[in-house]
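Worksheet: the structure to be examined is printed underneath.
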Amino acid sequence: MRCCQNKKSISKIEDLATVLKKISEPNRLKILCLLKDNEKCVCDIWQCLKLPQNLVSHHLKVLKDLNLISSKKVGLKVFYKLNQKVVKKYLKELEKLL
């Protein structure tokens, strides 16, 4: 990626900056770390983080809106998992930039 050379590279940099800003919140990074190896129920996530369920749900929504995680509902429970493809894409873009 050639920095600031064209609209496409500028757009990629802006998108990457948005993602980095949103995941820089410590609890969001913790959630990504928790989901690194396997999917987890939201009830397990908020208990691990020792945070209120509504706050964890907010962080999960931000990560889901970025497409960094996905969810599936099984009965009454919602399970989240890391979207490895999107995470790797952002890591590659960051590597190219730096």
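The residue that is nearest to V62 (Cα to Cα), counting only those in segment 4-27 that are at pLDDT below 90 and open to solvent by 80 Å² or more (accessible area, probe 1.4 Å), is K8.
The number of residues in segment 50-98 that are farther than 19 Å from K21 by Cβ and touching a Ser or Thr at 6+ places or on another chain (Cβ under 7 Å) comes to 4. Find the residue count for segment 49-98, including only residues that are loosely packed, with under 15 Cβ neighbours inside 10 Å, in a loop (DSSP other than H, G, I, E, B) and either out of contact with any helix residue (DSSP H, G or I) (no Cβ under 9 Å at 6 or more places or on another chain) or at pLDDT below 95 (or both). Residues meeting the conditions: 5. Residues of segment 28-47 that are at pLDDT 95 or above, surrounded by 14 or more Cβ atoms within 10 Å (Cβ to Cβ) and either in a helix (DSSP H, G or I) or in contact with a His (Cβ under 7 Å, 6 or more places away or on another chain) (or both): R28, K30, I31, L32, L34, I45.
The values are calculated or read from the model by the stated rules, or taken from the named source; none is laboratory data. Owing to the predicted nature of the structure, the values given are computational and were not obtained by experimental measurement. Reconstructed Cβ throughout: ideal geometry from the backbone, glycine too, with neighbour counts over all protein chains shown. In case anyone asks, the SASA skips ligands and DNA or RNA and just uses the protein heavy atoms, side chains included. Shrake-Rupley method; radii C 1.70, N 1.55, O 1.52, S 1.80 Å.
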